[in-house]
1. Among the candidates Ser254, Ser202, which residue alone is surrounded by fewer than 19 Cβ atoms within 10 Å (Cβ to Cβ), small (Gly, Ala, Ser), out of contact with any strand residue (DSSP E or B) (no Cβ under 6 Å at 6 or more places or on another chain) and modelled with pLDDT under 85?
2. Any residue that is surrounded by fewer than 18 Cβ atoms within 10 Å (Cβ to Cβ) and out of contact with any helix residue (DSSP H, G or I) (no Cβ under 9 Å at 6 or more places or on another chain) - is there at least one of those in the stretch 144-155?
3. Could you tell me which numbered condition Arg194 fails, if it satisfies all but one of (1) more than 23 Å from Asp85 (Cβ to Cβ); (2) outside the structural domain of Ala227 (by TED's automatic domain parsing)?
4. Just wondering, is there one or more residues in the stretch 121-139 that are at pLDDT 85 or above, acidic (Asp, Glu) and in a loop (DSSP other than H, G, I, E, B)?
5. What is the residue count in the stretch 210-250 for residues that are within 16 Å of Ile188 (Cα to Cα) and of a type in the set (Val, Ile, Thr)?
6. For the stretch 229-251, how many residues are crowded, with 19+ Cβ neighbours inside 10 Å, closer than 15 Å to Ile192 by Cα and in contact (Cβ under 8 Å) with a residue 40 or more places away in the chain?
Amino acid sequence: MFKSGFVTIIGRPNVGKSTLINHIMGEKLSIVSSKPQTTRNNIQTILTGEEYQIVFVDTPGMHNPRHKLGEYMVKVAKESMNEVDIALFVTTPDVEVRKGDLHILEQLKSAKVPVFLVINKIDETTEERLAETLKNYSESFEFEEIIPISAKKGKNVDTLIELMVKHLNEGPKYYPEDMIIDKQERFIIAEIIREKALRFLSQEVPHGIAVEILQMKEENEKYKIEANIMCEKDSHKGIIIGKGGEMLKKISQSARKSSEAFLNKRVNLKIWVKVKKDWRDSPFVLGELGYKAPKK
């Protein structure tokens with residue numbers, strides 16, 4: 001019997017949802033950063049085994065939105081709960097259940113799907129703290145399964161996959177078995193560039209940046225890619241470019257290497273920096289970047 005279904009990954013920002021997806025898939029498919037609210041689109045990745053296919057929806061972290069982009073991210077996360085077969089609620093070891101987690105669990109009560117409690121980062125805590133976490137969360141919600149894991153080190157991730165397959169129903173193979181992601185290559189390249197910018201800029205430029213792919217075409221066995229890094233302030237533009245263009249050069253070189261690894265071809269990458277004030281509150285700009293403005 002072949003089993004298949006859709007699994008959403010829900011949790012506060014920065015609890016390791018993208019790291020979990022990356023470990024399961026064995027490739028860097030979802031942008032990973034130490035900064036919260038990094039994942040902006042519900043990236044779908046496809047895991048196909050001999051007797052199952054799991055389609056993962058890696059949602060943006062649930063948080064209190066402060067701009068239209070934030071509203072979009074929360075809307076996507078909420079909608080994903082109603083269109084799946086299993087919900088993985090990912091959190092980290094804490095003595096008390098956080099308010100943000102309680103807010104998400106309240107949303108999950110109406111989801112009517114099996115909810116797994118996945119406690120990540122167990123390699124960074126003690127057994128006593130983990131036991132207290134398990135007790136407190138079990139009292140807050142009736143979970144179908146409870147799995148402590150370390151996404152970073154892969155501990156108990158295979159067990160998590162086995163439990164998901166156990167709870168899936170008989171179903172078709174939705175995607176070809178060699179397909180692992182349903183997003184276009186342009187989107188992945190944009191995410192690669194944005195990740196490099198977030199990594200090298202540290203806390204100097206926050207999440208007020210986006211990447212716009214201006215051109216991406218294959219010619220003579222290599223890709224020619226042109227992109228804009230969009231920021232909200234003139235001061236941010238100077239930081240992104242850096243003294244003598246050094247920062248932008250560092251971002252470009254790193255993004256080019258990762259893009260070549262992803263595309264498996266040589267890449268000629270050119271990046272510019274563009275100031276677009278308050279782009280996160282502009283429905284038009286959000287639409288141009290692929291974010292659908294949430295309905296009121």
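1. Result of the check over Ser254, Ser202: Ser202.
2. No, every residue in the stretch 144-155 fails to be surrounded by fewer than 18 Cβ atoms within 10 Å (Cβ to Cβ) and out of contact with any helix residue (DSSP H, G or I) (no Cβ under 9 Å at 6 or more places or on another chain).
3. Single failed check for Arg194: (2).
4. No, because not a single residue in the stretch 121-139 is at pLDDT 85 or above, acidic (Asp, Glu) and in a loop (DSSP other than H, G, I, E, B).
5. To start, the set of residues in the stretch 210-250 that are within 16 Å of Ile188 (Cα to Cα) comprises 210-218, 223-229.
Right, trim to of a type in the set (Val, Ile, Thr) and you get 211, 213, 225, 229.
Count: 4.
6. Here the count works out to 3.
The values are calculated or read from the model by the stated rules, or taken from the named source; none is laboratory data. Everything numeric here is computed off the predicted structure, so don't read it as measured data. In this analysis, Cβ positions are derived from the backbone assuming ideal geometry, glycine residues included, and neighbour counts consider all displayed protein chains.
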